[in-house]
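To keep things clear, I will list the structure first and then write my remarks on it.
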Amino acid sequence: MAEIEVGSVEELPPGSMRLVPAGALTIGVFNCAGALYAIEDRCSHDDGPLCEGDWEPELCIVVCPRHGARFDLQTGIPMTLPAFESVPTYPVSVREDGVIVLEVPD
Ligand code: FES
């Protein structure tokens with residue numbers, strides 16, 4: 001696994017999202033009421049830019065802007081059609097120095 005520094009935890013307050021380049025991937029890191037989640041910015045239905053539309057911080061759900069499938073940010077599991085396959089999620093944590101760290105496959 002490789003570690004990517006996302007920024008300080010103050011820079012990603014509750015209700016915010018940041019897109020993070022990670023090699024060939026782009027990953028959205030979300031702060032849902034203090035809990036951090038990371039999911040690939042690619043919808044499992046038709047490769048839409050999953051993290052670049054609306055999301056619901058109070059429910060920790062992201063809504064694909066292309067056809068409207070809703071995904072659980074914690075698990076990547078789709079909650080509505082037209083998507084039926086999960087989107088990869090990644091471990092994300094806050095280091096002792098307050099920096100958010102994303103773990104992605106090498
Ligand atoms: S590309 Fe996301 S729902 Fe179709």
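Can you pull out the residues in segment 26-54 that are more than 12 Å from the chain's Cα centre (by Cα) and either away from the ligand (no atom under 13 Å from the Cβ) or closer than 28 Å to residue 96 by Cβ (or both)?
33, 34
Can you tell me how many residues within segment 67-88 are more than 9 Å from the ligand (Cβ to nearest atom), over 18 Å from residue 32 (Cβ atoms) and crowded, with 17+ Cβ neighbours inside 10 Å?
Residues that pass the stated criteria total 0.
Restricting the search to segment 1-18, which residues are part of a loop (DSSP other than H, G, I, E, B) and free of Cβ contacts under 8 Å to residues at least 60 places away in the same chain?
13, 14, 15, 16
Any residue at all in segment 11-23 that is within 18 Å of residue 1 (Cα to Cα) and among the β-branched types (Val, Ile, Thr)? Lay out the reasoning, then the answer.
The first filter runs over segment 11-23 and keeps only residues within 18 Å of residue 1 (Cα to Cα), leaving 20-23.
Of the ones still in play, those that are also among the β-branched types (Val, Ile, Thr) are 20.
Checked against the condition, which is being within 18 Å of residue 1 (Cα to Cα) and among the β-branched types (Val, Ile, Thr), segment 11-23 yields at least one hit.
Is segment 62-75 home to any residue that is without any contact (Cβ under 8 Å) to a residue 60 or more places away in the chain and within 14 Å of residue 4 (Cα to Cα)?
No, every residue in segment 62-75 fails to be without any contact (Cβ under 8 Å) to a residue 60 or more places away in the chain and within 14 Å of residue 4 (Cα to Cα).
Just wondering, is there one or more residues in segment 55-66 that are in a loop (DSSP other than H, G, I, E, B), more than 10 Å from the ligand (Cβ to nearest atom), within 21 Å of residue 20 (Cβ to Cβ) and aliphatic (A, V, I, L, M)? Write out each step before concluding.
Keep residues of segment 55-66 that are in a loop (DSSP other than H, G, I, E, B), which gives 57-60, 64-66.
Now narrow it down to the ones that are more than 10 Å from the ligand (Cβ to nearest atom): 57-60.
Now narrow it down to the ones that are within 21 Å of residue 20 (Cβ to Cβ): 57, 60.
Adding the requirement that they be aliphatic (A, V, I, L, M) leaves none.
Scanning segment 55-66 turns up no residue that is in a loop (DSSP other than H, G, I, E, B), more than 10 Å from the ligand (Cβ to nearest atom), within 21 Å of residue 20 (Cβ to Cβ) and aliphatic (A, V, I, L, M).
Pull up segment 9-39, narrow it to residues that are touching a strand residue (DSSP E or B) at 6+ places or on another chain (Cβ under 6 Å) and of a type in the set (Gly, Ala, Ser), then point me to the one that is surrounded by the most Cβ atoms within 10 Å (Cβ to Cβ).
38
Would you check if there is a residue in segment 53-62 being touching a Leu at 6+ places or on another chain (Cβ under 6 Å) and modelled with pLDDT of 95 or more?
Yes, that holds for at least one residue.
Going residue by residue through segment 43-50, is there one that turns out to be surrounded by 14 or more Cβ atoms within 10 Å (Cβ to Cβ), in contact (Cβ under 8 Å) with a residue 40 or more places away in the chain, of a type outside the set (Gly, Ala, Ser) and in contact with a helix residue (DSSP H, G or I) (Cβ under 6 Å, 6 or more places away or on another chain)?
Looking for residues that are surrounded by 14 or more Cβ atoms within 10 Å (Cβ to Cβ), in contact (Cβ under 8 Å) with a residue 40 or more places away in the chain, of a type outside the set (Gly, Ala, Ser) and in contact with a helix residue (DSSP H, G or I) (Cβ under 6 Å, 6 or more places away or on another chain), one finds at least one in segment 43-50, hence yes.
The values are calculated or read from the model by the stated rules, or taken from the named source; none is laboratory data. This structure is a prediction, so every number in the text was calculated from the model and none was measured. Methodologically, a virtual Cβ is constructed for each residue, glycine included, from the backbone with ideal geometry; neighbour enumeration extends over all protein chains shown.
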